[in-house]
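The values are calculated or read from the model by the stated rules, or taken from the named source; none is laboratory data. Note that the structure is predicted; figures quoted are calculated from it, not measured. All Cβ positions, even for glycine, are placed from backbone atoms using ideal geometry, and neighbour counts span all protein chains on display. Note: areas computed on protein heavy atoms with side chains; ligands, DNA, RNA excluded. Shrake-Rupley method; radii C 1.70, N 1.55, O 1.52, S 1.80 Å.
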Amino acid sequence: MHDLLALQPETPLGDLLPPRVKLVLEKNGIHTVEDVRRAYPNRLLKMRGIGMLRFKQIEVVLFPGASFTPERVSSPIRHIEGSSLNGVLSPGTVRILAGGGVTTVEKLVAMEPEQLLKIHGLGVGKLREIERVYLMGQKREA
């Protein structure tokens, strides 16, 4: 019986799904209905270009009655190697500070706001974030 299943041709996606969804699937190496079924749900959600909207479009057509809701879909937080500011400040702020040579709390708190604003890419919004985190930390220590 298992051999019979192996001999059956796989079903192409054809016009089952909206053209954009089909294109995104094909760019991710999914060309048949069976490929989609094998990738459902987690591998589909991790594919580039498949957000919840396209995922739900696939689900309605190929998995009627099913409704998978992930606990949380998020991208990994990027850490800057060698910086002790990871996890304290947003990844973007840590990256900009590292580009300016600031990778430790000691270096950060030793700098005046005017010096920080000279770092390429660090504007008032990032400075406010730094001040919020630093001032909150000062109040806890006092």
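Largest to smallest in accessible area, the residues Glu129, Glu59, Glu10, Glu81 fall in the order Glu81, Glu10, Glu129, Glu59 (1.4 Å probe, all protein chains included).
Taking 7 Å steps out from each Cα toward its Cβ at Arg132 and Asn42 produces label points 3.4 nm apart.
As a calculated quantity, the FRET efficiency between Arg20 and Glu71 at R0 = 25 Å, using C-beta atoms, amounts to about 0.40.
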